Amino acid sequence: AAGVLGTCGYQLGDAELQERGMREGVAASEENVRANPRVPRYRTTLAINLSNLSTLMQRNGSLEEAAECSREAAEHLQVALDRGGNLPSDRFQLFQVLLNLASITGELSGPESALPIYDAALRTAEPLRDRTDLPHPIEIPLAQLHRNHASSLRETGRDKDALEAYERASLLYQKAISEAPSAPVWLLQQAATLECWRASLLCGLDGEQATTRAIDAFEARCDALAPLPDGASTAL
């Protein structure tokens, strides 16, 4: 009920109600785990509440608390995986928590510190690639992971590794867009931004033909965005 209250606060634009609901949800979930430490589902619920609170704290600029919430969420999900039969839904949740934790850690301590967490997220996601019983399709969050990982690799001077990660992200974005009946604007925006970054990196590596292909892909994304409303012109 507290978690629903937090969601209502978010939907109503009431930041105080949202945070109160989320914190009450975390507290109630912690009580359940303390009383029933061997029940994996209670740990999963606590992890979800911690992850939601982490996202809110990150948006509010409280990065230290956001990182701590994400770390605790990851720990509880790992216990749930170990004790609950390695459920794909728990692994998918852990993958998303690690993706967020890497982003927060990069903001806090720089891109080098985020790289091991991106690697852990990739290892977590690997067994999920061909699953069809996940709560949500994995292609888009996996594309976001490769995109963010690539940017951190580039910032640490590992341009060739970054290019490989950008290529993997690009393929996943293409797959997600081609399979969507009507791809949302935000997805096309992310794909267009990725192609821009990839072209820029290729220019720096002197790959002339590859650069031309990347620029063509970026322009194709812009063509897809051009007739759309809701922020498409901003992306262009």
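Numbers below:
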read-out: Surface per residue (accessible, 1.4 Å probe) for the chain, Å²; value: 52 Å²
read-out: Reference-scaled alpha-carbon Rg (2.2 N^0.38 Å with N residues) for the chain; value: 1.10
read-out: Tilt relative to the chain, helix 2-12 - C-alpha long axis, 0 to 90 degrees, to 10; value: 40 degrees
read-out: Cα-centred dipole magnitude for the chain, charges only on beta-carbon of K, R (+1) and D, E (-1), debye, nearest 20; value: 580 debye
read-out: Largest-first principal axis extents of the Cα set of the range 114-236 (Å); value: 37, 37, 23
read-out: Spatial separation of Cα centroids for the range 76-109 and the range 32-56, in angstrom; value: 12 Å
read-out: Linear extension gain, S200 paired with N32, 0.36 nm per residue minus alpha-carbon span; value: 55.5 nm
read-out: Carbon and sulfur %, accessible surface of the chain computed with the full protein complex present, 1.4 Å; value: 50 percent
read-out: Nearest 10 degrees, 0 to 90: helix 139-155 Cα axis against the chain principal axis; value: 70 degrees
read-out: Percent of C-alpha pairs per 5 Å bin, the range 116-172, short to long; value: 4, 21, 28, 24, 14, 6, 3, 1
read-out: Kirkwood-based shape ratio for the range 1-92, expressed as Rg/Rh from alpha carbons; value: 1.00
read-out: Choice from D216, D161, D14 showing the highest fluctuation, given a GNM over the chain with Cα pairs closer than 10 Å; value: D14
read-out: Longest segment of the chain lacking trypsin sites (Lys or Arg not before Pro) that sit in a DSSP loop with at most 14 other Cβ atoms within 10 Å; value: 132-236
read-out: Taking the convex hull of Cα positions in the range 37-154, its mean projected area over all directions (nm²); value: 6.9 nm²
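The values are calculated or read from the model by the stated rules, or taken from the named source; none is laboratory data. Values in this document were obtained by computation on a predicted structure and should not be read as measured data. In this analysis, Cβ positions are derived from the backbone assuming ideal geometry, glycine residues included, and neighbour counts consider all displayed protein chains. What goes into the accessible areas is simple: the full protein's heavy atoms, side chains included, and nothing from ligands, DNA or RNA. Shrake-Rupley method; radii C 1.70, N 1.55, O 1.52, S 1.80 Å.
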